[in-house]
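Peer 1: The structure is given below, and queries will be raised subsequently.
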Amino acid sequence: ALLTVVALLAGCQSGGSRPDGASASTNATDGGSAPAAAAAKGEAQLIARANERWQLLIAGKFADAYDYLSPGFREVVDRDEYVQTMAKRQVFWTKAVAGDQECSDGLCRVRVDVSYTVNMPVMGVGEVSSSTTVIENWLIGEDGVSYFVPARNR
């Protein structure tokens with residue numbers, strides 16, 4: 001049963017590793033250029049967007065959560081495929097709160113505390129509830145809007 005929970009959690013973790021060469025430290029913008037201004041705008045609204053996305057996931061509104069995904073991800077995975085994949089998960093999120101963020105060069109890492117339940121297929125176990133912290137990667141787009149970048153499935 002424990003192995004099943006671990007496998008399910010690994011499958012539901014939204015975070016991933018930072019691209020090579022990217023720093024996890026906060027970087028101040030120079031404020032003088034349009035890209036820097038867009039990055040500052042994106043960083044300012046990042047936590048709000050992360051929380052909005054998680055509220056959609058909790059509510060099962062996967063088609064709406066799709067709009068928070070990076071443009072590159074959306075080029076590879078269409079909305080219907082994403083919705084079907086998310087709907088098949090055996091993990092049900094009950095609460096999520098995005099906290100700290102660290103940004104550098106338009107790439108950000110956001111810490112999200114997530115509570116969830118898993119319906120265990122083992123007889124007599126039933127529903128198991130727990131919580132974890134995930135680190136999500138977000139990209140600040142040229143438009144100043146932040147987008148979630150899912151981890152690659154390996």
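Peer 1: Just the residues that are farther than 10 Å from TRP93 by Cβ, surrounded by fewer than 16 Cβ atoms within 10 Å (Cβ to Cβ) and among the hydrophobic types (A, V, I, L, M, F, W, C), please, taken from segment 54-70.
Peer 2: ALA63
Peer 1: When VAL91 is evaluated against the numbered criteria (1) in contact with a Cys (Cβ under 7 Å, 6 or more places away or on another chain); (2) open to solvent by 30 Å² or more (accessible area, probe 1.4 Å); (3) over 16 Å from ALA50 (Cα atoms), which criterion, by number, is the only one it fails?
Peer 2: The single condition VAL91 does not satisfy is (2).
Peer 1: Could you check segment 78-92 and list, in sequence order, the residues that are touching a helix residue (DSSP H, G or I) at 6+ places or on another chain (Cβ under 8 Å) and either β-branched (Val, Ile, Thr) or without any contact (Cβ under 8 Å) to a residue 60 or more places away in the chain (or both)?
Peer 2: Taking segment 78-92 and keeping what is touching a helix residue (DSSP H, G or I) at 6+ places or on another chain (Cβ under 8 Å), we get 79, 82-83, 86-87, 89-91.
Scanning segment 78-92 gives ARG79, TYR82, VAL83, MET86, ALA87, VAL91.
Peer 1: Another question, if that's okay. Can you pull out every residue in segment 107-154 that is open to solvent by 60 Å² or more (accessible area, probe 1.4 Å) and of a type in the set (Gly, Ala, Ser)?
Peer 2: Listed by number, the residues that qualify are GLY124, SER129, SER131.
Peer 1: So, GLN84, is that one within 12 Å of the chain's Cα centre (by Cα) and open to solvent by 40 Å² or more (accessible area, probe 1.4 Å) or not?
Peer 2: The answer is no for GLN84.
Peer 1: Among the numbered criteria (1) of a type in the set (Ser, Thr, Tyr); (2) in a strand (DSSP E or B); (3) free of Cβ contacts under 8 Å to residues at least 60 places away in the same chain, which single criterion is violated by TYR116?
Peer 2: (3)
Peer 1: Based on this model, can you work out whether SER70 counts as within 21 Å of ILE135 (Cα to Cα) and at pLDDT below 50?
Peer 2: Numbers: within 21 Å of ILE135 (Cα to Cα): yes; at pLDDT below 50: no.
When the stated conditions are applied, SER70 does not pass them.
The values are calculated or read from the model by the stated rules, or taken from the named source; none is laboratory data. A quick note: this is a predicted structure, and the numbers were derived from the prediction, not measured. Neighbour counts are summed over all protein chains in view; Cβ atoms, including those assigned to glycine, are modelled from backbone coordinates with ideal geometry. Surface accessibility is based on the protein's heavy atoms, side chains included, excluding ligands, DNA and RNA. Shrake-Rupley method; radii C 1.70, N 1.55, O 1.52, S 1.80 Å.
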